[in-house]
Amino acid sequence: MTMSAVPVAVDHAAGKSRIELKNVSRGFGEEWAREEVVQNLTFEIKPGDLTCIVGPSGCGKSTIVNLVAGYDAPESGEILLNGQRITGPGKDRMVVFQETALMPWQTTFDNVVFGPRLRGEGARADVDREAHRLLEKVGLGDFKKKFPSQLSGGMQRRAELARALINKPLLLIMDEPFRGLDAMSRPLMQEFFLRLFEENRRTNLFVTSEIEEAIFLADRLVILSNRPAQVRAIIEIPLPRPRQFHMMNSPEVFEIKRQALEILHDEAMKSFGGTINVGARHAGGAEARP
Ligand SMILES: Nc1ncnc2c1ncn2[C@@H]1O[C@H](COP(=O)(O)OP(=O)(O)OP(=O)(O)O)[C@@H](O)[C@H]1O
Ligand SMILES: [Mg+2]
């Protein structure tokens with residue numbers, strides 16, 4: 001089943017990579033105050049797939065992001081990228097976070113070219129051309145000379161997408177990138193991002209606590225338990241691509257949503273000690289207020 005023994009042709013331009021998490025565990029704190037955050041986590045991200053991790057707030061999603069990005073290392077188990085063990089950060093894995101990571105003193109354009117220029121990759125003219133192309137693509141053609149503070153939240157996310165994509169990562173990792181956007185911008189960003197993804201299907205690990213967002217975007221959902229994060233269910237999303245919002249009204253989507261919410265509700269209840277009635281829409285129990 002595993003491909004680790006077979007040499008894998010790596011195509012950075014296509015970004016079709018396979019990620020395998022095998023019995024990954026990570027905890028924090030001294031022995032007397034130890035907290036297991038991720039426990040025996042095993043799942044796979046197939047080449048060209050968009051896999052959404054969904055789980056209750058605080059269950060360990062960002063911890064998983066840090067492990068896959070290589071900012072942190074598992075205490076046991078391993079994470080493989082195209083059969084090679086991940087041992088640290090690399091430009092083959094780019095992360096887009098919820099909070100902006102754009103450098104405020106640099107223009108949008110300079111933020112995008114920063115990585116390749118720093119590493120002295122490619123001819124300057126080629127890097128610049130690619131940055132212009134990507135910024136046009138993400139709809140920021142007129143905002144190249146603006147600073148991050150002059151961009152809206154949605155524009156900042158798009159600038160970060162351009163900044164990540166210029167590195168042609170084998171895996172794009174997104175940690176709740178649309179959280180905090182207003183109700184108008186969020187669906188627009190989802191659709192916009194889908195078009196970008198569907199163009200070349202660069203392998204994507206997308207973290208969200210919004211079940212509808214997850215179903216709309218993903219090929220597969222990995223539903224996590226409450227902390228310590230373990231896989232509760234893996235659900236395939238059989239919707240065709242390109243995805244359209246109207247597909248969200250189909251009976252199969254309702255059934256997937258029902259299944260996922262049942263699990264998430266169960267897990268969210270545990271995180272509140274099972275004492276209050278948790279609303280069913282958000283995985284994080286954001287509607288748990290009376
Ligand atoms: N470096 C660290 N040191 C100690 N504890 C940590 C560290 N990183 C994460 N944790 C703990 O791990 C748990 C999970 O945190 P994590 O940020 O991974 O959750 P999350 O699912 O991303 O939450 P959210 O939905 O709020 O984004 C928390 O209890 C947190 O306190
Ligand atoms: Mg998080």
Original post:
What angle, in degrees between 0 and 90 and rounded to the nearest 10, separates the Cα long axis of helix 108-118 from the longest principal axis of the Cα atoms of the chain?
Top reply: 90
Subject >> Highest-fluctuation residue, 260, 125, 164 considered, GNM on the chain with Cα pairs under 10 Å >> reply: 125
Original post:
Please state the equivalent ellipsoid semi-axes for the range 1-140: what are the square roots of 5 times the Cα gyration tensor eigenvalues, largest first, in whole Å?
Top reply: 31, 21, 14
Subject >> Karplus 3J(HN,Hα) series, Hz, for the range 204-209 with 6.51 cos²θ - 1.76 cosθ + 1.60 (x for Gly, Pro) >> reply: 9, 10, 10, 9, 8, 10
Original post:
Relative to the compact globular guide of 2.2 N^0.38 Å, what is the alpha carbon radius of gyration of the chain, as a ratio?
Top reply: 1.01
**OP:** Using a cut-off of under 14 Å, list every residue of the range 109-140 whose amide N is near the label point 7 Å from the Cα of residue 101 along the Cα-to-beta-carbon line.
**Re:** 112, 114-116
Original post:
How many nm separate the modelled label positions at residue 250 and residue 46, each set 7 Å beyond the Cα in the direction of the Cβ?
Top reply: 1.6
**OP:** For residue 174, enumerate residues with amide H under 5 Å from its amide H, sequence gap 5+ or separate chain, H modeled in the peptide plane.
**Re:** 96, 205, 206, 207
**OP:** Would you mind computing Rg(Cα) / (2.2 N^0.38 Å) for the range 99-168, counting N as its residues?
**Re:** 0.98
Subject >> For the chain, built as a Gaussian network whose Cα springs stay under 10 Å, the top-fluctuating residue of 127, 112, 38 >> reply: 127
Original post:
For residue 234 and residue 84 in the same chain, what is the full-extension length gain: residue separation times 0.36 nm, less their Cα-Cα distance, in nm?
Top reply: 51.6 nm
Original post:
Which of 219, 175, 110 moves most in a GNM of the chain, Cα contacts under 10 Å?
Top reply: 110
Subject >> Spin-label pair residue 147/residue 114, simplified geometry with 7 Å Cα→Cβ offset, distance in nm >> reply: 1.4
Subject >> Gyration tensor verdict on the range 200-258 (Cα atoms; rounded if a/c is under 1.5, prolate if a/b is larger than b/c, oblate otherwise) >> reply: oblate
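Just so you know, all these numbers are worked out from the coordinates, no wet-lab data involved. The structure displayed is predicted, hence computed values, not measured ones. Note: ideal-geometry Cβ built from the backbone for every residue, glycine included; neighbour counts use all protein chains shown.
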